[in-house]
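To keep things clear, I will list the structure first and then write my remarks on it.
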Amino acid sequence: MSNALKICLVYFTFSFLWIYFSDNLLLYLNLSNETLTFIQTIKGLAFIVITTLLLYILIKSTFLKIEKIVDEKEKIINTIASPIIIFNEDGEIIKLNKAVCEITGYSFKEIDHIKKWSKIDQDNKNSIVSTLSSLYNINETVDNGEFNIKTKNGKNLIWHFKSAPYGIRENKRVIISNALDVTQVRSKEKLLMQQSKMAAMGEVLENIAHQWRQPLSTISSASTGIKLQHELGVLKDEIFFESLDIINNSSQFLSKTIDDFRSFFKPDQEKQYFNFDDVFEKVKMIIINKFKNEEIELIKTSDETEVLNYSNALIQVLINIFNNSKDAFIENNIDKRVIFIDAYKEKDKLIIKIKDNAGGISKDIIDKVFEPYFTTKHKTHGTGIGLYMCEEIVTKHMQGKIEVQNEEFTFEDNSYKGTLFTIELALL
């Protein structure tokens, strides 16, 4: 029941009882008209005085309760460790909790208007204005994403904001925003990403070395041969030019190898259209030597679906998943080693399914495989960041979805059990 309704009910009850009993009492006394008129006047004045006092007490009590609630709310907001900002549609800051000022080093007066927040996040000034403009029509909590925050002493932080409507004050819509400091989390993720990239780059360098051995040997043999024949005076023009062609072709192959591998782990600047087959061929170029040595067969089926996303990010994800299968084959000593890759369009998504026959993952740990630093391998063979980075890249960088499960299936009349990874990416 609202405070206003309570006051009205108390006033109505008191008035009704006062009038009813006082009038009946006067009738019962059977007084003269003059006396009755005088008493009625006194009774009316008394009624006004008493009801005024009663209303004052009720209203005062209500205001005290409201002030207490507001005061408690203020205390609660100030005791919350994460930053809280309350502002109206004119951009005026109504309230900042202590965490905002303590973390940023700015006083309330220095940032009492949204326009003044450019000093805190100059790089995203336009983004802040755009984000704030979209908040005044929200009806529920919304995720605003992350913003770079610079403190007064020059320290760079990353805050993740969420906002919700906070009612209307002085005919202006009010918004409350809560920020979570994710600086350390993002720093750790960046480090893990770098570690993952370095591991993948190790494989790239290993493959470059493998592919360079033969052409370098050819160049060495050809150059040594023509030098020796020249010294002996038996070098013919036919042999000379043939050797030069061999050296040139081998050099061109070396150059092409560098070009093929150079862009694999260059950070994607923006989303681009790509075909899954092209991505798979690049991944295959990196892993093929090790997989041939381990007698691992790759069986791919895919359509011509194009997707708008980050191709290099997907390359890193696929390499991690394939290497995870390779390690499982070796660890479980599997004879027949096959990885199935199936990519197809389903409604507005690209679905990528990667399945092996390496025996699957234990039910006790399958829910933990995407956790950072979790690994079932010996510490010399695994860091536990591969699958974690896969989930980070797919969900946060590519805005997709990745799942893992065990699956039993039949291939070439034999029954197998293995791990199935499913990746979903929006086409646009």
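The values are calculated or read from the model by the stated rules, or taken from the named source; none is laboratory data. Keep in mind it's a predicted model, so treat the numbers as computed, not measured. Reconstructed Cβ throughout: ideal geometry from the backbone, glycine too, with neighbour counts over all protein chains shown. Surface accessibility is based on the protein's heavy atoms, side chains included, excluding ligands, DNA and RNA. Shrake-Rupley method; radii C 1.70, N 1.55, O 1.52, S 1.80 Å.
State yes or no: is Ile76 in a helix (DSSP H, G or I), closer than 18 Å to Ala179 by Cβ and either of a type in the set (Lys, Arg) or open to solvent by 40 Å² or more (accessible area, probe 1.4 Å) (or both)?
Criteria met by Ile76.
Could you list, ordered by first residue, the pairs with Cβ atoms under 7 Å in which the first is in the range 149-164 and within 17 Å of Val185 (Cα to Cα) and of a type in the set (Val, Ile, Thr) and the second is open to solvent by less than 20 Å² (accessible area, probe 1.4 Å) and part of a loop (DSSP other than H, G, I, E, B), at least 6 apart or interchain?
Ile149/Ile120; Ile149/Asp121; Ile158/Val182
Just give me the residues in the range 288-313 being among the basic types (Lys, Arg) and surrounded by fewer than 15 Cβ atoms within 10 Å (Cβ to Cβ), in sequence order.
So in the range 288-313, the residues among the basic types (Lys, Arg) come out as 290, 292, 300.
The answer is Lys292, and nothing else.
Among (1) closer than 20 Å to Thr395 by Cα; (2) buried (at least 18 other Cβ atoms within 10 Å of the Cβ); (3) of a type in the set (D, E, K, R), which single condition is Lys271 missing?
Checking Lys271 against (1) closer than 20 Å to Thr395 by Cα; (2) buried (at least 18 other Cβ atoms within 10 Å of the Cβ); (3) of a type in the set (D, E, K, R), the one that fails is (2).
Could you list, in sequence order, the residues of the range 378-410 that are at pLDDT below 80, within 25 Å of Val185 (Cβ to Cβ) and surrounded by fewer than 15 Cβ atoms within 10 Å (Cβ to Cβ)?
Lys379
Are any of the residues in the range 246-254 of a type outside the set (Ser, Thr, Tyr), assigned to a strand (DSSP E or B) and modelled with pLDDT of 80 or more? Let's see the steps before the verdict.
The first filter runs over the range 246-254 and keeps only residues of a type outside the set (Ser, Thr, Tyr), leaving 246-249, 252-254.
Then drop every residue that is not assigned to a strand (DSSP E or B), which leaves none.
No, there is no match, as no residue in the range 246-254 is of a type outside the set (Ser, Thr, Tyr), assigned to a strand (DSSP E or B) and modelled with pLDDT of 80 or more.
Restricting to the range 143-164, name every residue that is assigned to a strand (DSSP E or B) and over 14 Å from the mean Cα position of the chain (by Cα). Show your work before the answer.
Quick first cut of the range 143-164, residues assigned to a strand (DSSP E or B) only: 143-150, 156-164.
Matches in the range 143-164: Asn148, Ile149, Lys150, Asn156, Leu157, Ser163, Ala164.
Can you name the condition, by its number, that Val317 falls short on among (1) open to solvent by 10 Å² or more (accessible area, probe 1.4 Å); (2) more than 15 Å from Thr419 (Cα to Cα)?
Only one criterion in (1) open to solvent by 10 Å² or more (accessible area, probe 1.4 Å); (2) more than 15 Å from Thr419 (Cα to Cα) is unmet by Val317, namely (1).
Of all residues in the range 1-18, which are in contact (Cβ under 8 Å) with a residue 12 or more places away in the chain and open to solvent by less than 80 Å² (accessible area, probe 1.4 Å)? I'd like the intermediate steps shown before the answer.
As a first pass, look at the range 1-18 and keep what is in contact (Cβ under 8 Å) with a residue 12 or more places away in the chain: 3, 6-7, 10-11, 14-15, 18.
Across the range 1-18, the qualifying residues are Asn3, Ile7, Val10, Phe14, Ser15, Trp18.
Look through Leu31, Leu36 and report the one residue that is open to solvent by less than 70 Å² (accessible area, probe 1.4 Å), without any contact (Cβ under 8 Å) to a residue 40 or more places away in the chain and not in a helix (DSSP H, G or I).
On the way: Leu36 fails: not in a helix (DSSP H, G or I).
Answer to the selection: Leu31.
Given (1) part of a loop (DSSP other than H, G, I, E, B); (2) surrounded by fewer than 21 Cβ atoms within 10 Å (Cβ to Cβ); (3) in contact (Cβ under 8 Å) with a residue 40 or more places away in the chain; (4) not β-branched (Val, Ile, Thr), identify the lone condition not met by Met285.
The number of the failed condition is (1).
Give the residue that is surrounded by the most Cβ atoms within 10 Å (Cβ to Cβ), with candidates limited to residues of the range 165-180 that are part of a strand (DSSP E or B) and without any contact (Cβ under 8 Å) to a residue 40 or more places away in the chain.
Step one: of the range 165-180, the residues part of a strand (DSSP E or B) are 165-169, 172-180.
Pick out the ones that are also without any contact (Cβ under 8 Å) to a residue 40 or more places away in the chain and you get 165, 167-168.
Working: Pro165: 17, Gly167: 9, Ile168: 11.
For the range 165-180, the residue satisfying everything is Pro165.
Going by the structure shown, is Glu67 charged (D, E, K, R) and within 30 Å of Leu157 (Cα to Cα)?
Details: charged (D, E, K, R): yes; within 30 Å of Leu157 (Cα to Cα): no.
In short, no.
Pick out the one residue from Ile321, Ile315 that is assigned to a helix (DSSP H, G or I), among the β-branched types (Val, Ile, Thr) and more than 21 Å from Glu407 (Cα to Cα). First the steps, then the outcome.
On the way: Ile321 fails: more than 21 Å from Glu407 (Cα to Cα).
Ile315 is the lone residue from the list that is assigned to a helix (DSSP H, G or I), among the β-branched types (Val, Ile, Thr) and more than 21 Å from Glu407 (Cα to Cα).
What are the residue pairs meeting all of these: first residue in the range 266-277, first residue modelled with pLDDT under 65, second residue in a loop (DSSP other than H, G, I, E, B), Cβ atoms under 8 Å, and 6 or more apart or on different chains?
Hits for this filter: Asp268/Tyr310.
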